[in-house]
Structure formats: C-alpha cells, structure tokens
Amino acid sequence: NDYLIDSPEYAFLKDIGIERENCGVYNGSWKGSGEVLTSIDPGTGRKIANVRVGTSEEMNEAIKVGVNAYQQWCQVPAPVRGDIIRQIGEEMRKYKEPLGKLVSLEVGKIFSEGQGEVQEFIDICDYAAGLSRIYSGQVINSERPEHTILEAWRPLGLVGIISAYNFPNAVFGWNAAIALTTGNSVLWKGAPTTSLVSVATMKIFSEVLKRNNLPPIAVLCQGGADVGQKLVNDSRVKLVSFTGSCETGRNVGVEVQKRFGKVILELGGNNALIVDQDANFNMVLEAALFGCIGTSGQRCTTTRRIIVHEKLYDRLVKELVVKYKQVLPKVGHQLDPNTLVGPVHSQQNIEHYKAAVAEAVKLGGKVAFGGKVIESEGFYVEPTIIIDLPHDSPVVHRETFAPIVYILKAKSIEEAIEWNNEVDQGLSSAIFTENISNAFKWIGAQGSDCGIVNINTTTNGAEIGGAFGGEKHTGGGRESGSDAWKQYCKRSTITLNHSGKLACAQGVVFNV
Ligand code: UN1
C-alpha cells in the first residue's frame, strides 16, 4: 500500500473523482501527456496519488478551446450566467467536506481551514450570482443637446488564472466566479504540488457545465514553468491573474505588459500587526496566534511582524511565548482533530524556515520561542518568535512562508506606522487600539499603505465581500468583492446622438 488513495481511510478521495492515476488537463475531456507528478501528504511525506500534467502544446489547445467557448458564453445573458455560477456553488456545497479534506491533505492545512477554503469558494459563487443581476454601467450627461453618454462593461475574452499551493481551491474560485459572471471564459493552471485539488475542483465544476449543455468555458492545464510561460505569453489570454511570489509576479507582469495584456497580481506580503498602548490585550494575543501561526504561517496575509508599543512589549513577548508553549503539543498531522498547526507544505519551506532563523540569529536576533525543525516523517517546524532584531533587518523585510514572527518594539504609533510602511510589500496590516485619533491616523493618507488596513482584527482571514489585494510589490491587483469585477471587463464609453444633427464637442465648428 504505497499510496494513501489505496487505503480505506482515504476513500473520500474517490467521492470527488480522484483516482490513483489522474489526468491534469481538461478541455472538454480529460487528458495529459506531460510528466507524472506524485502528490504527497506533507504531514507524513507519503504519496497520495499521481497526476499526469500537460505540455505547452496542450496549453496551446486549452487556449484554443477556451477562446471558442467564450464566443458562445459571452452571448448568454448575465443573470443566466449567474445562475450557472449559483449551481457551481451548490455543487461545491455538496462536496465541501471531502473537497476541503483534500485541500487539507494536499496543502497541509488543518481540517477547519480546508473546510473554510471551500466555504470561500461557495461564498464567492453566491456573491457572483447576485452580482450578475446588478453589475452595470452608467448614464453620463452630455454637453451636446440630445446626446447621451453611456458606459458599458463588456467581457475581455479568455482569462488565465495561475494560483499558488496555499489556496489551491479558493483563489481559482474568486477569479473564475467573477470572470465567468462578467462573460469571460477561464483557463486555470494551479500549483504543480496541489494538482489533485485542481483536478477535483475542475471535475465538480465541469459536471455543472455539462449538465447545462455548455461548452468548456473553464479549462485546466496543470504543468510546470514551461506550461505557465505559454499561458503568460499568449496574446489570446486577455488577462492573467497571477498569485505567487513578488519575484515571479514581476516577470509575469512585465511579460504580459509587453503584449499589452492585462494583469491582476496578488504577490507577497509582509504584514504587520501594530499594538497600541491601550490595546485590548487578550484580543491582541488571540489575533497574534491565528495571524502568525494559522495555516502554519503560509497565507500571504499571515502576520510576519508585530510592532508593539514599548509599554506593552515585555508583557506581550512573555504572554505570547506562554501561548506558543500551549500550541506546541498541538503541532501535528493536519487531519488530526487535535491539531492546531499542521506541517509546512514542502521541504522547500523547511529550507526557507531554517535559513531565516539562522540569518535572524546572525543579525543579532534572539529566538524567544521555537526555532527548530521538528524531526519526523512530515514537514514540521516549531512555531517561532524572534525578538531583538532591528526593524529594518534584511530578514525582517523579507517574506518567509513559514510560522516565524518578528516582534519589534516601537516608541510611538507614528514610529510603528513608519515601520509598517517601510517594507516593499503592501498587502495586509492591522492595528489594535482604543484610541480614536490613532485609528483614524491609521486609515488616513499617512496611515498604513497596504491594501488591507484592519482595526482590532487579524491581518489574515479577509472576507470575500471586500476587494482583496495589496499595493507596492504586492502587485496592485484586487480580487473578490467590491468593484474588483471591473478588472475582468473592458469599459466602453458610448456617445449616442439622438438629435438628427451632427454636433462636435467643445463647440468646434467644422463644415464647408
Ligand atoms: C492567500 O494567502 O493567498 O485573507 C490568500 C485571507 C484569505 C486569503 C488569503 N481570505 O487569509
């Protein structure tokens, strides 16, 4: 019994269409002639199942299929499109438990977080179904008599989605639900190490399309960098929504811009939680715990820095260490109900963790808690607190995708905000304060420069209703709620002359 899928405990995988050998390409039918990837359980290092991914030629075909399907889909009335998305949400509801369990198993996140991720997919489908009936343009007053200016939002065409391993289901959901509702077709490449989630999600998705006699308006091509490159460089892909590192995202942004395509970039974060001197201390402790070590520190919104007022510094370090001590026995397999912190995703995360701790110590940091890899068959590290580093140490300014937090002591809220903003990344941020002036300073022009600017709640765990994304090296894109849907559309300004006479704007007279 080499593979987990062969043991009865993992029979739930079959309920969501996973087999021992899977195809990683869907373009109306399932195929894949690239290399075989073996998905592993980061909690044990054991094999789950295999996926034969696509080649760049198969990516090329998937693009063709997606573009063709678009021609039909863009003519379907928006509320009818919304109803299809509603049905997809219903289907995700039906499979929430086994699909969420697969998310947990393949990523390494605990059961409730795996379930929570599929819940985000369901929520965005509900949102998109409503959006389909209300998203609209406007009527603008014209300066010319009997003229009307209209603004309309039309689909772009085929939208490419490249998602990361840490949210292998929800990130596709946010993009696909909104892109499809606004009349686009979508082409997805998930992270290679979470190919099973891509396959299971697309199976559930495609059943709804088939049942409604729709062409493959959502296609999938799993694969490596060459396959991703094809998607990025192909001008038939009108928008590329990319989630991943700042480094790769910068290249994606430049490549897509070269061909005047559009991008949505959701890149790294270096999210700070600021603790004012009058903060609700118990709430800070809870927020820090979930923020720093939830999802084993592998959300882009994870709290990476705690910037605390000097009056509360000693107490916070002391009490957070006590909390971490209580958590340590709860580090374990992601599907064990007693686990609070699962493994990190791969050996690579372990290497990054080790390098960051070593560098921090070399730079004069002190490990207040943790700091070591846990020797076991999976990929486990100790949740880690590092103190005494200068706020601008290189390691503090870098995003390490692991449960490490740097606690920094600040003299004032002004200084804390300055440190919050001095990093390259600009995704999420939070302040804990009861002081109304400081709260308004935080959300004002000289406050946090991030896309997410919270007060008295965590840096992570954003809801789908708001726009999700960040500034600076985080890439500037926005997904999910608010008016993020506009990015999946082209805007047409329509001047309509119903006067029967031609009149130039600005009073220009031009006739012979
Ligand atoms: C991510 O880590 O890629 O705010 C996204 C959150 C989630 C999304 C995280 N809703 O934590």
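List of remarks:
- Being surrounded by 24 or more Cβ atoms within 10 Å (Cβ to Cβ), among the aromatic types (Phe, Trp, Tyr) and outside any loop (DSSP other than H, G, I, E, B) holds for only one residue in 324, 353, and it is 353.
- Selection within the stretch 1-47 - in contact with a Ser or Thr (Cβ under 7 Å, 6 or more places away or on another chain) and without any contact (Cβ under 8 Å) to a residue 40 or more places away in the chain: 1, 33
- Contact annotation: residue pairs with Cβ atoms under 8 Å, 6 or more positions apart or on different chains, pairing a residue in the stretch 321-343 that is over 17 Å from residue 404 (Cα atoms) with a partner that is of a type in the set (Lys, Arg), are 334/109; 335/101; 338/330; 339/330.
- The stretch 399-416: number of residues that are assigned to a loop (DSSP other than H, G, I, E, B) and either among the aliphatic types (A, V, I, L, M) or under 16 Å from residue 447 (Cα atoms) (or both): 2
- Tallying residues that are small (Gly, Ala, Ser), closer than 21 Å to residue 176 by Cα and within 16 Å of the ligand (Cβ to nearest atom) within the stretch 246-276 yields 1.
- Every residue from the stretch 356-376 that is part of a helix (DSSP H, G or I) and over 23 Å from residue 289 (Cβ atoms): 358, 359, 361, 362
- Within the stretch 448-479, restricting attention to residues that are open to solvent by less than 40 Å² (accessible area, probe 1.4 Å), within 13 Å of the ligand (Cβ to nearest atom) and of a type in the set (S, T, N, Q), the residue that is nearest to residue 421 (Cα to Cα) is 474.
- Restricting the first member to the stretch 162-185 and to residues that are open to solvent by less than 10 Å² (accessible area, probe 1.4 Å) and at pLDDT below 95, and the second to residues that are of a type outside the set (D, E, K, R) and more than 16 Å from the ligand (Cβ to nearest atom), no beta-carbon pair is closer than 8 Å while six or more apart or on different chains.
- Strands (runs of 3 or more DSSP E) contained in the stretch 171-256 and holding at least 3 residues under 20 Å from the mean Cα position of the chain (by Cα) and closer than 23 Å to residue 23 by Cβ: 185-189, 218-221
- Candidate set from the stretch 220-245 (those that are hydrophobic (A, V, I, L, M, F, W, C) and touching an Asp or Glu at 6+ places or on another chain (Cβ under 9 Å)); member that is nearest to the ligand (Cβ to nearest atom): 242
- Candidates 370, 365 - the one that is of a type in the set (Gly, Ala, Ser), over 29 Å from the mean Cα position of the chain (by Cα) and surrounded by 15 or more Cβ atoms within 10 Å (Cβ to Cβ): 365
Here is a yes/no grid of residues against (1) open to solvent by 20 Å² or more (accessible area, probe 1.4 Å); (2) farther than 22 Å from residue 239 by Cβ:
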position	(1), (2)
12	yes, yes
39	no, yes
42	no, yes
45	yes, yes
66	no, no
94	yes, yes
112	yes, yes
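- Of all residues in the stretch 252-275, those that are over 23 Å from residue 453 (Cβ atoms) have Cβ atoms under 6 Å from Cβ atoms of residues that are open to solvent by 10 Å² or more (accessible area, probe 1.4 Å) and outside any helix (DSSP H, G or I), 6 or more apart or on another chain, in 252/242; 253/263; 253/265; 256/263; 259/235.
- Subset tally (residues that are polar (S, T, N, Q) and within 16 Å of the ligand (Cβ to nearest atom)) for the stretch 424-447: 3
- Within the stretch 351-380, being within 21 Å of residue 333 (Cβ to Cβ) and free of Cβ contacts under 8 Å to residues at least 40 places away in the same chain holds for 372, 373, 375, 376.
- Candidate set from the stretch 277-297 (those that are within 16 Å of the ligand (Cβ to nearest atom), in contact with a Ser or Thr (Cβ under 9 Å, 6 or more places away or on another chain) and not small (Gly, Ala, Ser)); member that is farthest from residue 380 (Cα to Cα): 286
- When residues in the stretch 260-319 are screened for being basic (Lys, Arg) and outside any strand (DSSP E or B), 4 of them pass.
- Residue-level analysis places residue 5 outside the set of residues that are modelled with pLDDT of 95 or more, within 16 Å of residue 194 (Cα to Cα), touching a Pro at 6+ places or on another chain (Cβ under 9 Å) and open to solvent by less than 50 Å² (accessible area, probe 1.4 Å).
- Single unsatisfied condition, residue 76 versus (1) in contact with a Lys or Arg (Cβ under 7 Å, 6 or more places away or on another chain); (2) open to solvent by 10 Å² or more (accessible area, probe 1.4 Å); (3) over 22 Å from residue 231 (Cα atoms); (4) not acidic (Asp, Glu): (1)
- Candidates 490, 486 - the one that is open to solvent by 50 Å² or more (accessible area, probe 1.4 Å), touching a Phe, Trp or Tyr at 6+ places or on another chain (Cβ under 9 Å) and not in a strand (DSSP E or B): 486
- One residue stands out among those in the stretch 298-318 that are out of contact with any strand residue (DSSP E or B) (no Cβ under 8 Å at 6 or more places or on another chain) and within 16 Å of the ligand (Cβ to nearest atom): the one that is farthest from residue 346 (Cα to Cα), which is 299.
The values are calculated or read from the model by the stated rules, or taken from the named source; none is laboratory data. Predicted, not measured: the structure shown is a model, and the values here were computed from it. Cβ: placed from backbone, ideal geometry, glycine included. Neighbour counts: every protein chain shown. We work out accessible area using only protein heavy atoms, side chains counted, and drop any ligands, DNA or RNA first. Shrake-Rupley method; radii C 1.70, N 1.55, O 1.52, S 1.80 Å.
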